[in-house]
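Student: I'd like to ask some things about the structure below.
Any read-out appearing in this document is the output of simple, stated calculations on the displayed coordinates, not a laboratory observation. Predicted model only: the values in this text are computed from it and were never measured.
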Amino acid sequence: MEKTVEEYISFLESKGFSFGEDAVGFIFFGKHYTNASDFLVNLAIEMTLKAQKDFDGSFYISLLEALKQSQVHTRSEAESFARDRGLLV
């Protein structure tokens, strides 16, 4: 079962990542702006942290929009998407 966005943020914070109020605001703004699923939002958060080594709100929003527009529905599609665009190695 996939985690909700709230659960995923809590999980990451338990692992040492720190999200400020502004970051959490960006996360939920992006979710509502793109009408993305929790699964897609969580993938965008994970990929943002891997690519940027920190949470970058504008990178996250752009990535979430691109994932949604490309109709990414699985983790493997997301990984291919990121590799094709040079976001992850």
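Student: Could you work out how far helix 75-84 tilts from the main Cα principal axis of the chain, as a 0 to 90 degree angle to the nearest 10?
Tutor: Roughly 70 degrees between the two axes.
Student: Rounded to the nearest 500, what is the 222 nm mean residue ellipticity of the chain from helices alone, with -39500 (n - 2.57) per DSSP H run of 4+ residues and division by all residues?
Tutor: Details: 5 runs with 62 residues, N = 89.
It lands at -22000 deg cm²/dmol.
Student: Under 18 Å Cα to Cα from Lys53, which lysines show up? Leave out anything in the same chain fewer than 8 places away.
Tutor: Counting by Cα, and skipping residues close in sequence, Lys53 has these lysines nearby: Lys15.
Student: Find the Cα radius of gyration of the chain, compare it with 2.2 N^0.38 Å by division, and give the number to two decimals. Don't skip to the answer; put the middle values down first.
Tutor: Working: Rg = 11.9 Å, N = 89, 2.2 N^0.38 = 12.1 Å.
With N residues counted in the chain, Rg over 2.2 N^0.38 Å equals 0.99.
Student: Using the Karplus curve 6.51 cos²θ - 1.76 cosθ + 1.60 with θ = phi - 60°, what ³J(HN,Hα) values do you get for each residue of the stretch 66-72, in whole Hz, with x for Gly and Pro?
Tutor: Karplus-based 3J(HN,Hα) across the stretch 66-72 equals 5, 4, 5, 5, 7, 6, 6 Hz.
Student: Where the centre of each part is set by its Cα atoms, how far does the stretch 1-45 sit from the stretch 48-89, in angstrom?
Tutor: Rounded to whole Å, the Cα centres lie 14 Å apart.
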